[in-house]
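The values are calculated or read from the model by the stated rules, or taken from the named source; none is laboratory data. Note that the structure is predicted; figures quoted are calculated from it, not measured. Cβ: placed from backbone, ideal geometry, glycine included. Neighbour counts: every protein chain shown. When the accessible area is computed, the model is the full protein with side chains, heavy atoms only, and any ligands, DNA or RNA have been set aside. Shrake-Rupley method; radii C 1.70, N 1.55, O 1.52, S 1.80 Å.
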Amino acid sequence: MARTTLDLIRETVRGETLFNEPMREHTTIQVGGAADLLLYPADREDLAALVKLLAERGVPYFVLGKGSNLVVRDGGIRGAVICLDQGFRGVERRDAADGRPRLWVEAGTALRTLVRWTVDHGISGFAEFAGIPASVGGAVAMNAGAWGVSIGEQVVELEVMDRTGATHVYPREMLRFGYRSLDLPPDSIILGALLRGGESTPATVKDRAKELYRRRKESQPVREPSAGCVFRNPSGGKAGEMIDGCGLKGVRVGDAQISTVHANFIVNTGNATAVQVVSLVGMIQERVYVRHKTKLEPEVRIVGEWEKGKLRISE
Ligand SMILES: Cc1cc2nc3c(=O)[nH]c(=O)nc-3n(C[C@H](O)[C@H](O)[C@H](O)COP(=O)(O)OP(=O)(O)OC[C@H]3O[C@@H](n4cnc5c(N)ncnc54)[C@H](O)[C@@H]3O)c2cc1C
């Protein structure tokens, strides 16, 4: 019997391979249909072999972090989803020649782990990220930030794998970070980042992280499933205040609801679907445009297909 792409992937990849995997279980807002394949490469060699094989077989891939900025459509994702959650974790101190603190962080490391590490070691510059449920790779890809600090400001260099399986090191001068964005060639996979920090003390960093997390809990629905802020702040304004100004807090479509705590969050109150979430997104854009003459742009990434359709990879 001829070997299928799935057979080849199973023979090639040493890491975990999940077939027809519901993405609602891998996104913080808990919506989305199944991905044909969800793959957790064991290490760089495994990842390189995988992307080469996918290229040879014409299978597209999507890189998943912690799924905290994603709305996956109800038909799921055709092709492969690659997640660095298992073989790509760790934080290591690699100071600059002049002794200033620098950290090498693997892309699959949870941002929460990095924040805790910097608290334990008294390194400043990361406490602002306490409470962002991201991976380091996803945070860098989105240039995540809070309290006036974005992670791109701390990046000294990035290591990235391209779609041929080759790795490249990009120094910061080559990187174009924008507001919640980083411009990289299509299909780039961030493997890790060298980040700069400042010298401080564990007690000072801990106090700052605790205080900022306390303020976050007061102003955001941190315990409910969401994808964080749905819209980017338009220049000179705050998306949440504009949405609130339209009286939309609490409005729902099915189980998707505009948070009563922070109007720029949509929360999943039970069994919301992507259709319901995206309907709310459209409704908000329309109402805000009518009232404020501003077109809100989504910050969340809406990915995948509406219809289940034919699997790109069959068993
Ligand atoms: C409760 C809550 C609070 C939040 N607060 C904030 C906040 O204060 N500030 C903020 O900026 N965001 C916030 N967010 C949004 C979200 O956490 C960030 O956008 C985060 O950067 C997404 O990281 P992730 O690992 O979850 O990436 P995912 O959501 O999985 O992916 C996001 C994008 O990054 C890409 N990506 C992921 N990993 C890689 C990689 N290794 N290589 C290449 N591309 C990759 C994906 O393909 C996708 O396009 C919040 C979200 C929630 C749920």
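Give the Rg (one decimal place) followed by the Dmax (whole number) of segment 5-83, computed from C-alpha coordinates and expressed in Å.
In order Rg, Dmax, the Cα atoms of segment 5-83 give 12.1, 34 Å.
Roughly how much of HIS26 is accessible, in Å² to the nearest 10, using a 1.4 Å probe?
40 Å²
What is the sum of charges around GLU299, taking Lys and Arg as +1, Asp and Glu as -1, for the other residues whose C-beta is under 15 Å from the C-beta of GLU299?
+4
Which residues' amide hydrogens lie under 5 Å from the amide hydrogen of GLY75, considering only partners 5 or more residues apart or on another chain, with H built in the peptide plane?
When sequence neighbours closer than 5 places are left aside, the close amide H contacts are GLY33, GLU305, TRP306, GLU307.
I'd like the accessible area for GLU173: 1.4 Å probe, protein heavy atoms, all chains in place, Å² to the nearest 10.
Rounded to the nearest 10, that gives 150 Å².
Quick one: which residues, 5 or more positions from VAL63 or on another chain, have an amide H under 5 Å from its amide H? H modelled 1.01 Å from N in the peptide plane, none for Pro or chain starts.
It is ILE82, by chain and number.
Given a 1.4 angstrom probe, what's the average accessible area per residue across segment 169-218, in square angstrom?
60 Å²
Sorted by mean Cβ packing within 10 Å, highest first, what order do the peptides 207-217, 270-280, 120-130 take?
Ranking, from highest mean packing down: 120-130, 270-280, 207-217.
For the ranges 111-118, 95-102, 41-48, 218-225, what's the packing order if you count other beta-carbon atoms within 10 Å of each residue, average per peptide, and put the highest first?
Going by the mean number of other Cβ atoms within 10 Å, highest first, we get 111-118, 41-48, 218-225, 95-102.
From the phi angles alone, apply the Karplus equation (6.51, -1.76, 1.60; θ = phi - 60°) to segment 285-296 and give each ³J(HN,Hα) in whole Hz, x where the residue is Gly or Pro.
Going residue by residue, I get 4, 5, 5, 5, 5, 4, 7, 10, 6, 10, 8, 6 Hz, with x marking Gly and Pro.
Whole number in Å², please: accessible area per residue of segment 231-298, 1.4 Å probe, ligands, DNA and RNA not counted.
Heavy-atom accessible area per residue stands at 48 Å².
Could you work out what % of the accessible surface of segment 215-284 is carbon and sulfur, using a 1.4 angstrom probe and leaving DNA, RNA and ligands out of the count?
45 percent
Can you list the equivalent-ellipsoid semi-axes of segment 94-231, largest first and in whole Å, using the square root of 5 times each Cα gyration tensor eigenvalue?
Result for segment 94-231: semi-axes of 25, 20, 12 Å.
Collect residues whose amide H, placed 1.01 Å from N in the peptide plane, falls under 5 Å from the amide H of GLU157; neighbours closer than 5 in sequence don't count.
Under 5 Å from the amide H of GLU157 lie the amide H atoms of LEU194, each far enough along the sequence or on another chain.
Hey, any idea what % of segment 5-83's accessible area is carbon plus sulfur with a 1.4 Å probe?
Carbon and sulfur: 45 percent of the exposed surface of segment 5-83.
Based on DSSP, what percent of beta bridges with both residues in the chain are antiparallel, to the nearest 5?
Details: 42 of 53 bridges.
If I count the DSSP bridges inside the chain, around 80 percent turn out antiparallel.
When the Kirkwood radius is taken over all Cα pairs of segment 231-298, what Stokes-Einstein diffusion coefficient follows at 10 °C and 1.306 mPa s, in µm²/s? Provide the component values of the computation, followed by the final result.
Details: Rh = 11.7 Å.
It comes out at roughly 135 µm²/s.
Taking the alpha-carbon set of the chain, what are its Rg and Dmax in Å?
20.1, 64
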